[in-house]
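Note sheet for the following structure.
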Amino acid sequence: MERIYGSVVLRPTRIGFLVRPNQENFSRIREIIRTCTCLWGGMFNPIIPVCKVLPTAWRRDYFKEITGSGLADAYIRFFEPDVFVEAEAGLALEAGIEDIKRYGSERVAPLRKLVRPEGKRQNDFAFGLSVLDIYKELYAKEFKFASRKPRKVAIFENSNPYIEAVFGNFPQSKTLDYIKKAYKDVCKPKAFPADAQSSLKLFKEHHLTPLTASNYELEINFKNRDDPLIFVFDPNKIVDLIDFWNLRQFRSNVLPVNVHWFSEFEDIVRKVAIRNFRPLPGNPHGVMIKTTIEFARSINSATKDAITAASVKNIPAGSLIRKDWYDPIWRTDWRNAGVQPRRAKLVAHEADFEERVDENQTTLQFPSPVPNFASRYSFANNHARWMNVVKFADHSSRSAKFALTFPPNVKGEEFPRLAIAGSSLCTREGIVLFREYKSRHAALHLLSQRDAVVGWLKSRGIEAEPSSSGRNAEQVLRSVGDTRMSSLFADEATVKLLDKMAKTIQRDAEGTTAQYPDRTASIEEWKQVLGRRSKAVFSLACTRFG
């Protein structure tokens with residue numbers, strides 16, 4: 001029996017919306033954003049541009065490493081969506097996504113079929129969890145009771161792209177009218193005009209909005225420490241709208257500014273810069289927190305200069321930093337330089353587990369956290385209502401005979417199929433399990449390390465089987481712990497001495513054989529090897545720290 005340790009995280013389904021980033025598709029982007037308002041955690045569904053040539057606004061001399069054909073692949077690698085929705089047919093295929101068709105487990109759906117009518121029953125989503133369940137929970141726990149203070153809840157009388165992306169607004173199609181009606185019936189929101197003054201009021205007074213309501217019971221964790229960011233963009237340009245929508249998924253402290261409303265926002269921009277210009281807590285070297293004003297890529301130089309000049313009036317020198325580029329989330333060479341952007345980690349609930357697994361019975365069972373507010377069943381055939389993410393503890397892998405990590409297969413490769421029931425993915429986040437029903441337990445089929453390597457190679461058309469040398473190497477690695485301890489063998493003299501001890505017969509150049517019946521080496525031989533290695537380590541330490 002072997003102990004396996006880990007944790008299981010409950011989070012919303014991450015839907016990647018595939019769209020061509022040309023202005024003709026602007027209405028589709030707005031439809032996508034309004035639809036995300038109706039999904040649990042919908043603000044964290046990335047919009048993935050698919051194109052052969054980069055839009056003009058996205059071409060930058062200092063970011064020449066990305067091309068149009070590689071953009072979708074880079075965004076998929078960064079965001080790692082669970083499922084995909086196409087704004088038009090063929091985008092998934094163009095982006096290299098394999099839609100493996102198995103009963104009840106497709107990963108690609110057209111936008112027009114994301115909402116599915118089921119006969120006389122209520123329309124529901126093919127992927128993700130409807131916010132209708134959230135509204136029911138809000139009513140049961142809070143809104144059915146009288147409040148001593150007026151509740152600050154907002155809805156908008158009309159709409160525009162900025163309001164939809166920042167605060168959320170509901171789809172205009174009749175198929176989802178019931179969600180808007182439920183929000184109004186439960187929350188009794190105050191209606192605001194979709195203008196700059198309303199936006200400023202909501203920022204200052206922290207109203208509940210349709211988009212923030214969709215983050216119900218979510219803990220949103222950003223790995224990077226972010227200084228405040230003011231993002232100036234043109235919400236009428238599709239490239240800027242995509243950039244802003246995706247930006248909030250890896251930057252935590254963002255004030256969005258409509259470039260056409262800057263005169264109204266000018267005062268709050270300066271106040272943000274002044275309020276945040278203070279010493280960094282815990283830093284004894286006088287480092288100050290500074291606010292960055294970032295301009296979207298469609299904004300021209302003259303507009304940037306004018307806004308910057310207006311923003312820095314009557315504020316402390318150095319409190320506001322101008323930034324003219326978008327964080328290159330498509331890069332893969334972050335080990336060489338730069339601060340790597342990281343997407344937010346969403347956690348609705350997390351459970352730890354410690355289980356024993358027999359090598360001959362390779363099923364691992366563990367708890368499956370569920371959203372308690374979710375209805376028991378979906379009204380549509382939806383196998384991806386929410387996700388469980390399994391992450392194994394580091395100390396499990398040191399002695400485990402099972403493969404506990406795998407290369408990502410977000411684009412839909414068949415290998416490995418680990419879920420006992422339903423679909424699964426391997427990502428940098430962990431092993432993602434698609435969940436549909438409110439079962440409190442889940443299970444994985446574990447693979448041996450050997451089967452995992454052989455299976456992965458086979459999935460890429462390479463037939464492999466362990467050699468006798470490979471089997472010996474496997475036993476040696478197990479004897480020292482795992483590959484983390486393989487540095488013990490990173491020395492030529494050590495390997496030769498071990499090789500000598502392992503041999504029973506040795507042949508020289510003339511064919512003469514020599515016997516080593518006892519497979520031993522003298523203490524003096526080992527002292528010479530270890531002594532030399534100890535001196536080498538000490539010398540290296542002196543070089544680094546001396």
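The numbers here are math on the coordinates, done by the rules we state, and not lab data. All values derive from a computational prediction rather than experimental measurement. Ideal geometry is used to build each Cβ from the backbone, glycine not excepted, and the neighbour counts take in all protein chains shown.
Odds and ends about this structure:
- DSSP bridge pairs, the chain: antiparallel proportion in percent, nearest 5: 60 percent
- Normalised by the number of residues in the chain, the average gap of Cα pairs under 8 Å and 6 or more apart makes the relative contact order 19 percent.
- The range 419-463 - Rg over Rh from alpha carbon coordinates, Kirkwood radius: 1.06
- Projected-area mean, the range 132-213, by convex hull of Cα positions, square nanometres: 5.4 nm²
- Pairs from the table (K144/K184; K152/K181; K113/K144; K201/K313; K152/K313; K223/K290) lying more than 25 angstrom apart at Cα are K113/K144; K152/K313.
- Space enclosed by the convex hull of the alpha-carbon atoms of the range 339-484, per residue, Å³: 165 Å³
- Span-like helix ranges in the chain, DSSP H, alpha carbon extent 30 angstrom or more, Kyte mean at least -1.0: 523-545
- Per residue of the chain, the DSSP helices (runs of n ≥ 4 H) give a summed -39500 (n - 2.57) that works out to -9000 deg cm²/dmol at 222 nm.
- Note on the range 258-406: semi-axes of the ellipsoid equivalent to its C-alpha gyration tensor, largest first and rounded to whole Å, are 47, 23, 17.
- Each of H441, H260 was scored by other Cβ atoms within 10 Å of its Cβ. Listed from fewest to most, they are H441, H260.
- Charging the Cβ of each Asp and Glu at -1 and of each Lys and Arg at +1, and nothing else, the dipole of the chain about its Cα centre rounds to 1460 debye.
- Exposure proxy shown here: for V239, V454, the number of other Cβ atoms within 10 Å sets the order, fewest to most, as V454, V239.
- Three principal axis extents describe the C-alpha atoms of the range 20-103; from largest down they are 43, 29, 22 Å.
- Total formal charge among the other residues, if their Cβ is under 13 angstrom from that of A310, Lys/Arg +1 and Asp/Glu -1: 0
- Selection among V186, S173, A196 by position relative to the dipole of the range 132-213 gives V186 as farthest towards the positive end (Cβ unit charges, Cα centre).
- Taking N as the residue count of the chain, its C-alpha radius of gyration divided by 2.2 N^0.38 Å amounts to 1.18.
- With K and R counted +1 and D and E -1, the other residues having a Cβ less than 11 Å from that of F170 yield a net charge of +2.
- Likely footprinting exposure, L114, L280, fewest C-beta neighbours within 10 Å first: L280, L114
- The alpha carbons of the range 46-186 occupy a box of 58, 42, 24 Å along the principal axes, longest dimension given first.
- Using Cβ point charges alone (K and R +1, D and E -1), the dipole size of the range 139-198 about the Cα centre works out to roughly 480 debye.
- For S27, neighbours were defined as the other residues whose beta-carbon sits under 15 Å from its Cβ, and their charges (Lys and Arg +1, Asp and Glu -1) total +2.
- Cα pair distances exceeding 25 angstrom across the range 224-327, given as percent: 18 percent
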